[in-house]
Amino acid sequence: MEHFYYSWSAQSAGEKLPVDRAERDEFVLTDGRRIYDFICTSFQANFGHNFDPIRNRMVQQLAAMPIASPKTSFDLKRDVSGRLVDLISLGNGKIFYTVSGAESVENALKIARQVTGRPIVAARQKSYHGATLGALSVTGDWRNKPHLTFDQGTLRIPEHDQDPDLTRTEQLFLQTGPDNIAAVILETISGTNGMSIPDAEWFGRIQNLCRKYGCLLILDEVLVGFGRCGTDFAFQAYSLEPDLVCMSKAMTGGYIPFGAVWTSPKIASYYDTQTMSCGLTNYAHPLGLAALDGVISSLADPGFRDEMEELEECFRHNLEQLSRCNNVTGVRHRGLMAAIDLDQPAPTWKMGIEHELHFFSKENLVIIAPPYISTPRRLESAISALAHLLDS
Ligand SMILES: Cc1ncc(COP(=O)(O)O)c(C=O)c1O
């Protein structure tokens with residue numbers, strides 16, 4: 001008997017991966033099989049499993065100063081925060097550090113309510129924002145249901161395709177009383193709830209609605225941030241100006257649990273005089289900062305970006321193969337992430353492992369998001385293996 005739990009499943013369900021080690025973009029199982037990590041573990045191992053620019057930076061930091069009090073100021077903390085603010089490219093904001101995606105969302109919700117003095121947050125019907133109670137309260141999927149969440153603080157708004165011109169959404173705002181609405185929270189592009197990609201017009205209308213009623217716009221980029229969708233952050237493809245941006249996962253390549261919330265210059269100046277009543281023991285952990293330094297440097301490296309672009313091109317080209325498979329009704333993609341819709345139940349995670357692929361599937365959907373460090377050849381062979389599975 002193993003004395004630990006597996007998350008999000010009955011313990012007898014048997015979804016276990018007996019791993020010996022991980023190399024580049026693959027898990028090596030205890031029986032020697034190599035499994036291509038087609039969703040970067042849980043969408044965080046975007047730089048693969050042993051990427052020196054992150055690993056070496058962390059080892060250096062471990063030797064120099066592995067722990068720091070939240071009250072400290074030091075070169076790495078100042079430099080990397082400035083570089084992250086530059087990467088966001090929305091002006092002179094500030095970073096609040098956390099240790100996970102859920103905590104980034106929790107803190108963004110707390111900040112939005114504190115800054116506006118309003119209680120309600122509008123959230124999409126299909127969404128995932130993390131497993132803590134505040135983040136679950138704005139989550140729109142089954143994971144919200146079994147828990148005593150704060151749903152009275154949530155206004156559910158329709159999906160973009162159900163209300164493209166926001167007529168219904170604005171009605172809901174007016175019924176709730178816009179003066180009660182602190183913020184709208186959105187995954188810019190949703191992850192495990194179907195990779196739903198709104199168009200620029202819908203995003204523009206959401207931005208305008210927020211401005212009209214004085215609500216803040218919180219973008220959850222926990223899954224899509226740091227290069228996943230072809231730009232450093234997914235919102236950068238839509239000329240959006242969020243007030244808060246939530247990050248985690250690939251922010252350290254997953255090498256250490258870490259997260260952050262970017263806040264706008266306006267929010268930053270609010271806290272010049274008001275108490276920032278948020279905090280945590282491992283705030284701005286030096287090993288997280290060091291890993292983030294490695295991530296930002298890699299994303300800024302022209303050679304690395306060229307290789308990423310080459311991989312994106314290969315991905316785009318080979319996805320056509322998937323769209324021709326039996327039972328595939330559609331393929332959506334952005335950058336290095338794709339959702340494949342089927343007209344029948346998708347192959348299970350276990351079937352994927354049998355075909356030496358680690359992907360996400362639920363209902364009639366498969367999601368793939370290859371590691372940035374894959375070679376085009378390895379990616380092509382993984383897509384062929386998936387096409388074979390879908391056709392079988
Ligand atoms: C969009 C989004 N937000 C928040 C989270 C929560 O992140 P974490 O599991 O690190 O708490 C996730 C996790 O999958 C996510 O996909």
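The values are calculated or read from the model by the stated rules, or taken from the named source; none is laboratory data. As the structure is a prediction and not an experimental result, all values here were calculated from the model. Heads up, the Cβs are rebuilt from the backbone with ideal geometry, glycines too, and the neighbour counts pull from every protein chain shown.
Odds and ends about this structure:
- Taking the criterion of being among the charged types (D, E, K, R), more than 10 Å from the ligand (Cβ to nearest atom), closer than 16 Å to Tyr283 by Cβ and in contact with a helix residue (DSSP H, G or I) (Cβ under 7 Å, 6 or more places away or on another chain), the only residue of the stretch 87-142 that qualifies is Lys94.
- In the stretch 171-186, the residues that are touching a residue at least 60 places away in the same chain (Cβ under 8 Å) and in contact with a Phe, Trp or Tyr (Cβ under 7 Å, 6 or more places away or on another chain): Ile181
- The stretch 217-233, subset in contact with a Leu (Cβ under 8 Å, 6 or more places away or on another chain) and closer than 20 Å to Leu136 by Cβ, residue surrounded by the most Cβ atoms within 10 Å (Cβ to Cβ): Asp220
- Filtered residue count, the stretch 101-132, keeping only those that are assigned to a loop (DSSP other than H, G, I, E, B) and either of a type in the set (D, E, K, R) or more than 25 Å from Gln274 (Cα to Cα) (or both): 8
- Among the numbered conditions (1) among the hydrophobic types (A, V, I, L, M, F, W, C); (2) over 30 Å from Pro66 (Cβ atoms); (3) outside the structural domain of Asn46 (by TED's automatic domain parsing), the only one that Ala290 does not meet is (2).
- Residue that is within 12 Å of the ligand (Cβ to nearest atom) and under 24 Å from Met337 (Cα atoms), where the choices are Gly191, Gly204: Gly191
- Here the condition is being within 21 Å of the chain's Cα centre (by Cα) and more than 15 Å from Gly214 (Cβ to Cβ); of Leu166, Leu172, Leu133, Leu148, it holds for Leu133 alone.
- Residues in the stretch 247-272 that are part of a helix (DSSP H, G or I) and among the hydrophobic types (A, V, I, L, M, F, W, C): Ala250, Met251, Ile267, Ala268.
- Taking every residue in the stretch 191-202 that is in the same structural domain as Gly130 (by TED's automatic domain parsing) and pairing it with any residue that is within 12 Å of the ligand (Cβ to nearest atom) and outside any loop (DSSP other than H, G, I, E, B), at least 6 positions away or on another chain, the pairs with Cβ-Cβ distances below 7 Å are Gly191/Phe43; Thr192/Phe360; Thr192/Ile367; Asn193/Ser127; Met195/Met337; Met195/Ile367.
- Set side by side, the residues Ser9, Ser69 differ, and just one is without any contact (Cβ under 8 Å) to a residue 24 or more places away in the chain and in the same structural domain as Leu223 (by TED's automatic domain parsing), which is Ser69.
- The set of residues in the stretch 25-37 being charged (D, E, K, R) and buried (at least 16 other Cβ atoms within 10 Å of the Cβ) consists of Asp25, Glu26, Asp37.
- Failed item, numbered, when Thr281 is tested on (1) away from the ligand (no atom under 16 Å from the Cβ); (2) in a helix (DSSP H, G or I); (3) out of contact with any strand residue (DSSP E or B) (no Cβ under 9 Å at 6 or more places or on another chain): (2)
- Candidate set from the stretch 67-98 (those that are charged (D, E, K, R) and outside any helix (DSSP H, G or I)); member that is surrounded by the most Cβ atoms within 10 Å (Cβ to Cβ): Lys94
- Count - residues of the stretch 169-188 that are away from the ligand (no atom under 16 Å from the Cβ) and either farther than 20 Å from His129 by Cα or not small (Gly, Ala, Ser) (or both): 13
- Contact map, the stretch 234-263: residues that are closer than 23 Å to Gly335 by Cα and at pLDDT below 95 paired with residues that are within 10 Å of the ligand (Cβ to nearest atom) and not basic (Lys, Arg), Cβ distance under 6 Å, separation 6+ or inter-chain. No pairs are found.
- Every residue from the stretch 1-16 that is surrounded by 10 or more Cβ atoms within 10 Å (Cβ to Cβ) and more than 21 Å from Arg143 (Cβ to Cβ): none
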